[in-house]
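Computed from the coordinates by the stated procedures, all read-outs in this text should not be read as laboratory data. Here the structure is a predicted model, which is why all the values come from computation and not from measurement. Every residue, glycine among them, receives a Cβ derived from its backbone with ideal geometry; neighbour counts consider all protein chains shown.
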Amino acid sequence: MPVVRGSCLCRGVKYEITGPLMRSGHCHCSNCRKAHGAAFRSRARVRVGDFRWVQGEELVKYFESSPGFHRGFCSVCGAPIVNRPERTPELGIALGGLDDDPGIRPERHFYAASKAPWFEITDDLPQHAELPPRSEVPGA
Ligand SMILES: [Zn+2]
Ligand SMILES: [Zn+2]
């Protein structure tokens, strides 16, 4: 697959994804809403080995928003970049930071039960009250 490039708002941090983006969706949990200042976080997962820093890794700071879950953001411009869940050898990618079309499209809504009261979900994608176990939702 072609390389998918991404960067932060100030362009100080740049990265490349060289493998498949998986389990893409919109996350409405309160932590994602706070981190993004938005109704939801659009994200996908990539394997750790399919992610490469191009420049600015030293600018990335991590905030542990819940035990074992580290949210990486640019310390200059504040843009969310990559999340590191300790329990899996994957990274969470903020789709809004991508500079190329990743090919995939968000397939579900996660944590729909936690969505902002001022936002209505108006598409037909499946909605999950929380994060469904992988065994229950192939591809999720
Ligand atoms: Zn930046
Ligand atoms: Zn979330």
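When shorter helices are ignored and each DSSP H run of at least 4 residues is given -39500 (n - 2.57), the per-residue value for the chain at 222 nm works out to -1000 deg cm²/dmol. Considering only SER75, GLY37, GLY96, the residue lying farthest towards the positive end of the dipole of the chain is SER75, judged by Cα position with unit charges set on Cβ. Once the chain from SER65 to ASP100 is taken as fully extended at 0.36 nm per residue, the excess over their C-alpha distance is 9.8 nm. Note on the stretch 1-90: semi-axes of the ellipsoid equivalent to its C-alpha gyration tensor, largest first and rounded to whole Å, are 19, 17, 13.
Once the Cα-Cα distance is subtracted from the 0.36 nm per residue extended length, the ARG87 to ALA113 segment shows a gain of 7.0 nm.
Taking the Cα centre of the stretch 40-108 as origin, sum charge times position over the Cβ atoms of Lys and Arg (+1) and Asp and Glu (-1), and report the length of that vector in debye to the nearest 20. The calculation lands at about 300 debye. Model label sites at THR122 and ALA38, defined 7 Å from Cα along the beta-carbon direction, differ in position by 1.7 nm. Based on Cα contacts under 8 Å between residues 6+ apart, the chain shows a relative contact order of 28 percent.
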